[in-house]
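We did not get these values from a lab; they are worked out from the coordinates using the rules stated. Predicted, not measured: the structure shown is a model, and the values here were computed from it. All Cβ positions, even for glycine, are placed from backbone atoms using ideal geometry, and neighbour counts span all protein chains on display.
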Amino acid sequence: MADEVTSILEKMNLTSEEEEIIEIPEEGRKEGMESCALSLIGKFLTCRPFNRRVAITTLKRAWGLEDGVQMIEVGTNLFQLKFQTEFAMDRVLKGGPWSFDNQVLLLTRWKAGMTAGNVRFDSVALWVQIWGTPFDLVSPRIAETVGSRLGSVVEVEKKQKFEGQSYFMRVKVDIPIVKPIRRGAFLAGSNGKNHWVTFKYERLPLFCHFCGLLGHDLRHCAHYFAATKNDREVICQYGDWLKATGGRTRSPPRRKYE
């Protein structure tokens, strides 16, 4: 949108009045800043139509903030969330991911100068479970190292002293939405061998079982339609086994490695 505006301006011959820069009084600037100070900007990552009014009502109820937040549509599938307290705003931002009908709500903090045309959403924070790690490689530091390969680490679940071995490690990561979600990775083991670990995603929203991207399904995947032309049979490399179901999860397809 911002690029479109720039392109339009480059083609326009502005009048002297249109070239005028309107100075904003300090009182008005302060009023606008105060109005936005406790704000988040949100967008649903989805290819499906959805009932905006029901979505807003559902999320407010989930947050326990029916009267404590304004959720205003400021563009196509773009919302400004105005909170009454910084505590409530931080709780919503850090407590995600939040979704409606399996469609995740991307959130970012408001910044001065943001418009409907220049706001960007690059990632979604998800808790990732790391399964199959050798016992001697289970530690918060290793979880953070693994998580850093998936995206920007937000939080690491700390292992309590004297706690028994867990089935998996957990790390919260800002997952880039422009890349396929990762199914696993090889870890360099203490015994000189590489060990394959599997990733499970908690509250994993809508994603494509063919290309692995968040925000659309097979019916809306151009890559899938291209691959299935002329009745070609294709095998989806992603599936619901990537969804964490709490405790033990469904097993993924086995991977052979040396």
Reciprocal of mean inverse Cα separation for region 35-121 (Kirkwood radius, Å): 13.0 Å
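Looking at the square roots a ≥ b ≥ c of the eigenvalues of the Cα gyration tensor of region 169-236, which shape do they give, rounded for a/c under 1.5, prolate if a/b is larger than b/c, or oblate?
It is oblate, given that a/c is not under 1.5 and a/b is not larger than b/c.
Can you give the charge dipole size of region 35-121 about its Cα centre, rounded to the nearest 20 debye, using +1 on the beta carbon of Lys and Arg and -1 on the beta carbon of Asp and Glu? Walk me through the numbers before you get to the answer.
On the way: 12 positive and 6 negative charges, 41 e Å.
With Lys and Arg at +1 and Asp and Glu at -1, about 200 debye.
Give, rounded to the nearest 20 debye, the magnitude of the charge dipole that region 123-242 has about its Cα centre when Lys and Arg contribute +1 at Cβ and Asp and Glu contribute -1 at Cβ.
Details: 16 positive and 11 negative charges, 38 e Å.
The dipole magnitude comes to about 180 debye.
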Taking the Cα centroid of region 180-213 and of region 46-114, what is the distance between the two, rounded to the nearest whole Å? 29 Å
Proportion of all alpha-carbon pairs of region 123-242 beyond 17 Å (%): 59 percent
When Rg is the radius of gyration of the Cα atoms in region 99-159 and Rh is its Kirkwood radius, what does Rg/Rh come to? 1.11
Dipole of region 123-242 (Lys/Arg Cβ +1, Asp/Glu Cβ -1, origin at the Cα centre): which of VAL138, CYS236, CYS221 lies farthest to the positive side? VAL138
